[in-house]
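Chemist: Okay, handing you the structure first.
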Amino acid sequence: MNPIHIVILAAGKGTRMQSVAPKVLHRVSGVALVDRVLQAALTLNPETTTVVIGHEADKVRRHLGDRPGLFTVVQEPQLGTGHALLQAEPILKDRSGTVVLLSGDVPLLTPATLQALVRTHREAAAAATVVTAVVPRPFGYGRVVRVDGEIARIVEERDAAPPEREIREINSGIYAFDLAPLFEALRGIGAANAQAEYYLPDLVGIYRRQGRAVTTWRVTNADEIRGINSRSELAEVSGMVRQAKNEELMAAGVTLIDPATTYVDSGVQVGPDTVIHPCVHLEGSTRIGGACEIHSGTRIVNSTVGDRVTLLNHSVVVESTIAAGSSIGPFAHLRPGSVVGSGARVGNFVELKNTSLGDGAKANHLAYLGDTIVGERSNIGAGTITCNYDGARKHRTVIGTGAFVGSNSTLVAPVTIGDRAYVAAGSAVTQDVPADALAIGRARQEIKADWVTRRAQPARSEK
Ligand code: UD1
Ligand code: CA
């Protein structure tokens, strides 16, 4: 079988996005456009994958990183899609097979359509195969001009004559090409058009005039080939992806109280019988267990949540792990590196940073625990603060199992509180507390009897 080579065009500026960021790094449901295209492309098991970059090339290259079999080539300046594909010649010139050309801004293409494209192309032994769709509003797309039912050429919106603008069959910008004649033919493309660019779709007319076979694969669901050129299209496509994800979750047994206001990124997993209230955001690589309840206003990013966890309103959880049966919030903030044990409780206005709470441990109200380890079943009183930062460096606090830290204590790190130890309320703890001990670190209370009465009777002379 002749091999597949993927080329993804991603060099354009994306002028209509009005963005300093390259268009293909904009995200749909948490995944960059170019990554969506790559995910679909890799299902074809390509021999090589080449991304043509140009505008903000460094940012795109950094985003892509090192991946085996992945090449980037720079197109500078950007003279059009035909010129863009030409830049892949150094990677492909000594190879053979089929080039599958994808656009970095067409993110909904399915693996099934790519399979169909390659199959159609091979069966027709074509020089080029174009993925097309019939749409109600073709504005902005290249139109497929047919003669006697056969594709004859593609004309861009801006170059189309009025009758051609009536054509509703559009070019998706996705093609398969036989590698053998490709680069020679690309050099034959001119730039005598409205944008003075080298248009890749012109290859269709060139091949037809040369008598080469060109065929088409028409998708039935035109949404698949939607290109993103503006913020408005980004929002529309994001809405479609989000709705599909919500349907998938509900089909798998997740209750969404209001799917219209539930925001779950594509890469997120949620277990059955979990209930998600309105205005919840689950982002990145988050995994939620079964039978959880996630209340309104909660945002969870790249985190793992076990079964039967309750997240009360307006909690924010980032890069953290929460074990089964625990309760978080309302208004809790779990910052990166936090680990909450099973059956533990993190209550309102509690902030954790790089802190682990053992099984059954509790920090129920108004606390800041940073760079801290809290043992199983320990209780952290309201208003407890770990002073983990001395202005230059961060220090750790270690609290044993079954310990009790009284309300409004200040734990000055580095400091250790032993198993079962008690810290009296209002203490400033600066020395380690041994196991089973009580630490009292506060000023002794004084009583001044009848002080109020004495103050209320000023000396007669002062009057
Ligand atoms: C292109 C097609 C049009 C098709 C539409 C489908 C051309 C001339 N037109 O139009 O027929 O209906 O896609 O979405 O190809 N790019 C480069 N280098 C360049 C120019 C573009 O890499 O010099 C990249 C862009 O980053 C983008 C892709 O090619 O990812 C398509 O370019 P874009 O300018 O969006 O083309 P359209 O006007 O949408
Ligand atoms: Ca486009």
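Chemist: Within segment 13-36, take every residue that is within 12 Å of ligand 2 (Cβ to nearest atom) and touching a Gly at 6+ places or on another chain (Cβ under 7 Å) and give me the one that is farthest from residue 97 (Cα to Cα).
Modeler: Here the residue is 23.
Chemist: For segment 152-161, does any single residue satisfy the condition of being in a strand (DSSP E or B), closer than 23 Å to residue 100 by Cα, open to solvent by 50 Å² or more (accessible area, probe 1.4 Å) and without any contact (Cβ under 8 Å) to a residue 60 or more places away in the chain?
Modeler: Scanning segment 152-161, I find at least one residue that is in a strand (DSSP E or B), closer than 23 Å to residue 100 by Cα, open to solvent by 50 Å² or more (accessible area, probe 1.4 Å) and without any contact (Cβ under 8 Å) to a residue 60 or more places away in the chain, so the answer is yes.
Chemist: Residues that are part of a helix (DSSP H, G or I) and within 15 Å of ligand 2 (Cβ to nearest atom): does segment 186-199 have at least one? Don't jump to the end; show me each part of the working.
Modeler: Going through segment 186-199, the residues part of a helix (DSSP H, G or I) turn out to be 186.
Now drop any that are not within 15 Å of ligand 2 (Cβ to nearest atom), which leaves none.
Scanning segment 186-199, I find no residue that is part of a helix (DSSP H, G or I) and within 15 Å of ligand 2 (Cβ to nearest atom), so the answer is no.
Chemist: If I ask for residues that are more than 14 Å from ligand 1 (Cβ to nearest atom), assigned to a helix (DSSP H, G or I) and within 22 Å of residue 114 (Cβ to Cβ), which ones from segment 200-237 would you list?
Modeler: 207
Chemist: If you don't mind, there's one more thing I want to ask. Residue check: is residue 233 on the phi < 0 side of the Ramachandran plot and out of contact with any strand residue (DSSP E or B) (no Cβ under 9 Å at 6 or more places or on another chain)?
Modeler: yes
Chemist: Of everything in segment 1-41, what is more than 15 Å from ligand 1 (Cβ to nearest atom) and open to solvent by less than 10 Å² (accessible area, probe 1.4 Å)? Give them in sequence order.
Modeler: Listed by number, the list holds a single entry, 5.
Chemist: For residue 110, all conditions in the list (1) within 14 Å of ligand 1 (Cβ to nearest atom); (2) under 22 Å from residue 28 (Cβ atoms) hold save one; what is the number of the exception?
Modeler: Among (1) within 14 Å of ligand 1 (Cβ to nearest atom); (2) under 22 Å from residue 28 (Cβ atoms), residue 110 violates only (1).
Chemist: Out of segment 187-201, which residues are crowded, with 20+ Cβ neighbours inside 10 Å and under 36 Å from the mean Cα position of the chain (by Cα)?
Modeler: 198, 199, 200, 201
Chemist: May I ask you to list the residues in segment 125-151 that are aliphatic (A, V, I, L, M) and part of a strand (DSSP E or B)?
Modeler: Selection gives 128, 130, 131, 133, 134, 144, 145, 147, 151.
The values are calculated or read from the model by the stated rules, or taken from the named source; none is laboratory data. None of these values were measured; they are calculated from a predicted model. For neighbour counting, all protein chains shown are included, and Cβ atoms are generated from backbone atoms with ideal geometry for every residue, glycine included. To get the accessible areas, we keep the full protein, side chains included, count just its heavy atoms, and leave off ligands, DNA and RNA. Shrake-Rupley method; radii C 1.70, N 1.55, O 1.52, S 1.80 Å.
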